Structures are given as C-alpha cells and as structure tokens.
Amino acid sequence: MVDESFHIPVLTEEVIQHLIQNADGDYLDATGGFGGHSAAILGKIGCGSLIATDRDPEAIKYLNSKFKAEEKISIHQACFSELTELFRELEFDGILADIGVSSYQLDNASRGFSFKQNGPLDMRMNQSIGQDASQWLNNASEKEISNVIWKYGEEKKAKKIAKIIVEARINSEIKSTKELAEIILEEIPRKFNDKKHPATKTFQAIRIFINNELLELEILLEFIAKHLKIGGRACIISFHSLEDRMVKRFFRDKSRRDPKLSKLPNLPDDSSFKLVSKALKPSDNEVNDNPRSRSATLRVIEKIK
Ligand SMILES: C[S@@+](CC[C@H](N)C(=O)[O-])C[C@H]1O[C@@H](n2cnc3c(N)ncnc32)[C@H](O)[C@@H]1O
C-alpha cells in the first residue's frame, strides 16, 4: 500500500479559505492524487458533497481505500478531457485542480518520471493507455524531439539534445530514465554550482508531451467556466510557468470586458467572472517544511453571473 507521506498537499489553508464559500455546497477535486486536499475539503463541508477524480489508476485505488468510510465523497477515474462527458449535468460550488505530478509519481522508479530514480522510461500518468516515453523517443524524428523539448521544456539546447538522443539510439534503444539522463549529461556537463541537472527541462518536456498536459489543461479551464455555479470558485495550483501562464491568461480574459468592446462608451461590464486575490505563493514556513511547494502558484476565480 502506498504511504500517505509520499505526497504532501501544498497551499492547503489557502485553498480551503478561497474555495469553500458554502459549507453545504458541491465540490470537485479534479486532481484527487493522494487525497490531501480532498481530506481538507471533507473536513470543512457540512452537508455538502465532494467528487474526487484523477487519471492515475494507482491514485484512484489509494483514494478508494483512504476514504472507504466517508459518505460525502464519490471517486472516479477520469482525466480532465473526460469531465464534461461524466458530469454534463452538474454545477459546482468549487472546483480544485492541483496540476502536474504527485511526489509519489515522481519518486516511484517504476513510473519513470525522474532521472533521480532509475526505472523504465515510461512517464504516463495512466500506465494502461497510450505510448510511453521510451516508445516515443525511440521512434520520433530528430525535429519532432527537438520541437517537444523546446516547446514544453523551453530548453535552449533543444536541438543539440535531440541530435544526441537520435545518435545514441542508433546503438541501442533508450529504455531507462538513467540512460536518457546520462546521454544528456555526457554532452552537456553540469556547470559548477548549478543545482539543476542538465536533463531537468528535457524530462519535463517529454512528460508534458506524453500526457498531453497543456491540451488537458485547456479543456479543464473550459470545463470550469461552464460548470461553476454563480458564486462558485475555482482554485488552480500550477508548478511551472507554461501552465501558470495559461491559467493566468484564461482567468484574466474571463474576468474583463471583451477588449474589442472596451473602447465603446456606456457599455455595462459583460464579464461573468472576477479574479479573487492575486497569485498566491507558499509561505516561507511551508517551503521550509516541504521544499517541493516552492514552485507552486495558486490562482482563484469566481463566477459572478
Ligand atoms: C500534484 S498531484 C495532486 C495531489 C493532491 N492534490 C493531493 O492532495 O494528494 C497531481 C495529480 O493530478 C493528476 N493529474 C494530472 N493531470 C491530470 C489530468 N489531465 N486529468 C486528471 N488527473 C490529472 C495526477 O495523476 C496526480 O495524481
């Protein structure tokens, strides 16, 4: 059984404070993970209800066991792009998404997300569907690999890394996280004092690509816009700038007048959402206790009409 300490939820107090405006309301935790945020929501709602979803079957198994005695929660395996189909008729008082990977996924060698643990180069959040990172990396063209590393990793050395990957795989397929990390490290040695491994951005890029993470996020944002009740709020926590930029722009665009109409006088404000607070970051204490929270950013929006 998975140990609870494998994932420490981030910004929990801030999430609860901003998300729950109605203790008897209906809530959706779209990234149930290891149930840290879900447990905090359940602790705060009275007659309300919580639906927890996650695309990872291991997370779902864990959530089912953690909350087996809890009547206010229902748990479903689903990715963001399946939420509309599943909850077509539902509206929520609050929707939470804590996007990215859990510490359990990152630290578990068999999931193949991290160069710190040697394991099969997999990186799928749901290991029962789709191609894994190794299958893709051993078959994609150099140009395709370079584009992915540049687009999703914002890695300046994307072309060089793609070239060395394609050269290395001529000898033998790249099958493990360690092999990929070593291929990159051989050509791009670590600079003195640089805390980041030179493969960091490449691993992030391949993970985002394999799990179609940015399209999933785009679909989630549209779902949120349609499925919040009036007065309902969405809280989104992201861990890197690509995702946070998307959330920030979407929230900004939804909460201001249509720029095409903004120069016309005497038009009422037509926006249906308002921003709630500025972007929130973990306190120094939280970062001390849980260094992985360092890069988290929480944004909150409310549906007003
Ligand atoms: C940072 S963890 C969430 C941890 C959770 N808040 C907790 O307290 O334990 C992110 C979770 O989101 C899930 N996830 C990421 N992208 C997803 C998507 N597109 N659809 C559904 N779940 C997703 C991952 O499988 C992972 O379990």
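The values are calculated or read from the model by the stated rules, or taken from the named source; none is laboratory data. None of these values were measured; they are calculated from a predicted model. Neighbour counts run over all protein chains shown; Cβ positions are idealised from the backbone, glycine included. Areas reflect the complete protein model, heavy atoms only, side chains present, ligands, DNA and RNA absent. Shrake-Rupley method; radii C 1.70, N 1.55, O 1.52, S 1.80 Å.
Worth pointing out:
- Most fluctuating residue given options 143, 72, 260, as computed from a GNM of the chain linking Cα atoms under 10 Å: 260
- For the chain, adding -39500 (n - 2.57) for each run of n ≥ 4 DSSP H residues and dividing by the number of residues yields -11500 deg cm²/dmol at 222 nm.
- Sites residue 164 and residue 118 - FRET efficiency at Förster radius 25 Å, r taken between beta-carbons, to 0.05: 0.85
- Spin-label pair residue 263/residue 288, simplified geometry with 7 Å Cα→Cβ offset, distance in nm: 5.3
- Largest accessible area first, the listed residues 14, 155, 173 line up as 173, 14, 155 when surface is computed with a 1.4 Å probe on the assembled protein chains.
- The amide H of residue 8, built 1.01 Å from its N in the peptide plane, has 103 as neighbours under 5 Å, considering only residues 5 or more places off or on other chains.
- Karplus-based coupling profile of region 118-133, in residue order and whole Hz: 7, x, x, 6, 9, 6, 7, 6, 10, 6, 8, 9, x, 7, 8, 4, with θ = phi - 60° in 6.51 cos²θ - 1.76 cosθ + 1.60 and x standing for Gly or Pro.
- ³J(HN,Hα) computed for each position of region 66-74 - Karplus, 6.51 cos²θ - 1.76 cosθ + 1.60, integer Hz, glycine/proline x: 4, 10, 5, 9, 9, 8, 7, 10, 10
- Ordering of 293-300, 92-99, 81-88 by packing is 92-99, 293-300, 81-88, highest average first (other Cβ atoms within 10 Å, averaged per residue).
- Extension gain (nm, one decimal) between residue 270 and residue 253, 0.36 nm per residue minus Cα-Cα: 5.0 nm
- Cα gyration tensor shape for region 18-87, rounded if a/c is under 1.5, else prolate or oblate: oblate
- Taking amide H as placed 1.01 Å from N in the peptide plane, residue 276 has its amide H under 5 Å from the amide H of 300, 301, 302, each at least 5 places away in sequence or on another chain.
- Backbone geometry of region 185-198 corresponds, through the Karplus equation with coefficients 6.51, -1.76 and 1.60 at θ = phi - 60°, to 3J(HN,Hα) couplings of 5, 4, 8, 10, x, 5, 6, 4, 6, 7, 6, 8, 5, x Hz, x marking Gly and Pro.
- Close amide H partners of residue 28, meaning residues 5 or more places away or on another chain with modelled amide H under 5 Å apart, are 51, 94, 95, 96.
- Multiplying the residue separation of residue 226 and residue 186 by 0.36 nm and removing their Cα-Cα distance gives an extension gain of 9.5 nm.
- Sites residue 68 and residue 156, calculated FRET efficiency, Cβ-Cβ separation with R0 35 Å, nearest 0.05: 0.10
- Listed residues 179, 243 arranged by accessible area, highest first, probe 1.4 Å: 179, 243
- For a label point 7 Å along the Cα-to-beta-carbon line of residue 212, residues of region 114-138 with backbone N under 13 Å: 125-126, 129-131
- Overall form of the chain per C-alpha gyration tensor (a/c, 1.5; a/b vs b/c): prolate
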